[in-house]
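Below is one structure, written out as structure tokens; comments come after it.
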Amino acid sequence: MNIKILGTGCSKCTMLEKKVSEIVTNKSIEASIEKITDLQEIMKFGIMMTPGLVINDKVVSYGIIPKDSQIIQWLEEGN
């Protein structure tokens, strides 16, 4: 599974990255997590607000920090 965190380094972006990393570790999900901070790269995903969460090249959220249960659901669907 390929997970991307889109954000320029704001506190919400950092919080989302930490939350996703913890969930992946706790649930023993095999995934690579990549943080994308380059604005041009972020814009290629068509989001207007960060943080963005991309699972297997599909944007699942942006502009918010989703609840843990929602992130877990997306990760399970992406498997």
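Residues that are free of Cβ contacts under 8 Å to residues at least 24 places away in the same chain and exposed (fewer than 13 other Cβ atoms within 10 Å of the Cβ) within the range 64-79 comprise 67, 69, 76, 77, listed in sequence order.
In the range 1-11, which residue that is at pLDDT 95 or above and out of contact with any helix residue (DSSP H, G or I) (no Cβ under 8 Å at 6 or more places or on another chain) is surrounded by the fewest Cβ atoms within 10 Å (Cβ to Cβ)? Ranking the candidates gives 2 first. A single entry from 61, 28, 21, 32 fulfils the requirement of being among the small types (Gly, Ala, Ser) and over 12 Å from the mean Cα position of the chain (by Cα): 28. Applying the criterion of being farther than 18 Å from residue 14 by Cβ and among the polar types (S, T, N, Q) to the residues of the range 35-58, the residue that is nearest to the chain's Cα centre (by Cα) is 56. All told, residue 33 meets the bar of being part of a strand (DSSP E or B) and of a type in the set (A, V, I, L, M). Looking across the range 1-45, the residues that are closer than 13 Å to residue 60 by Cβ and not β-branched (Val, Ile, Thr) come down to 1, 2, 4, 6, 16, 45. Would you point out the residue of the range 49-63, among those that are touching a residue at least 24 places away in the same chain (Cβ under 8 Å), of a type outside the set (Asp, Glu) and in a loop (DSSP other than H, G, I, E, B), that is farthest from residue 35 (Cα to Cα)? So the residue we want is 56.
Taken over the range 64-79, the criterion of being of a type in the set (S, T, N, Q) and either under 20 Å from residue 11 (Cα atoms) or part of a helix (DSSP H, G or I) (or both) is satisfied by 69, 70, 73.
The values are calculated or read from the model by the stated rules, or taken from the named source; none is laboratory data. Predicted model only: the values in this text are computed from it and were never measured. Backbone-built Cβ (ideal geometry, glycine too); neighbour counts: all protein chains shown.
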